[in-house]
Amino acid sequence: MKSKLFSFMCVIGALAFLLVSCEDNPEGNRAVVTVASFNDNAPFFCDVLEQGDSLFDQAGNAVLRDDFIAEDYLKVAFYNRPYNSFIVSPPGYPYGEYLITRYRVEWARVDGGVQVPPPYDGATSISIPSGELVEGYILLVPFMVKELPFIWTLRYVQAGGTGGEILCVANITFWGHEVGTDRETEVIGSLSVNFADWVIETKKKKQL
Ligand SMILES: [Ca+2]
């Protein structure tokens, strides 16, 4: 009799668990998503002007015609830790997967300066299955930021700038939701970003 009662209680318990597990409750988060790393855990060096194949001609004048501006992308690794280890969602079912849909980059100076790039809002679709580490890329420094006067002036002297370096922190907020819910949650991370005109002469010694 005791074993029948025990079995009955187990069945009731399992049913209750299934009901809770299958509840389509948009308030109930089951995943905890974090930024595992930015840029492979290294500071980000933002080159405000890319030099072409040639830095100087034979007369020592800067060769500017092959200089150009490149937008900078940031590598981001997300980890999706299941909030409840008892809930296992097979592929294709709700709650096993988290989807990053948009992000905002905001800047702070850490060198005593006051001018910062404006906030930047971007959209993306980075899917992170439960229990997995997923890497993606976001746009960190758009073209227009490198055209801002206080960034432009960091170009090397021969290109009309004054050189120098600006030290910033990028505070990045990601928004996303568990697949199967419509409740948006935030994931936040920060990294150091140094703006300068990095001139790598050892790679570009070619003269015209
Ligand atoms: Ca450069």
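Bear in mind these aren't lab numbers, they're just calculated from the coordinates by the rules spelled out. Please read these numbers as outputs of a predicted model, since none were measured by experiment. FYI the Cβ positions are ideal-geometry reconstructions off the backbone, even for glycines, and counts take in every protein chain you see.
Values for this structure:
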quantity	calculated
Compactness index (Cα Rg / 2.2 N^0.38 Å), region 26-203	1.29
Point-to-point label distance, I69-E50, nm (Cα→Cβ direction, 7 Å offset)	1.4 nm
Inverse mean reciprocal Cα-Cα distance (Kirkwood Rh) of region 116-191, Å	15.5 Å
Environment charge of N39, counting only residues whose C-beta is closer than 13 Å and scoring Lys/Arg +1, Asp/Glu -1	-2
Under Karplus coefficients 6.51, -1.76 and 1.60, residue-wise ³J(HN,Hα) of region 155-163 in Hz, glycine/proline x	4, 4, 4, 5, 9, x, x, 10, x
Sequence of L99, L140, L133 once ranked by neighbouring C-beta atoms within 10 Å, starting from the fewest	L133, L99, L140
Overall Cα dimensions of region 97-153 - principal axes, largest extent first, Å	44, 22, 14
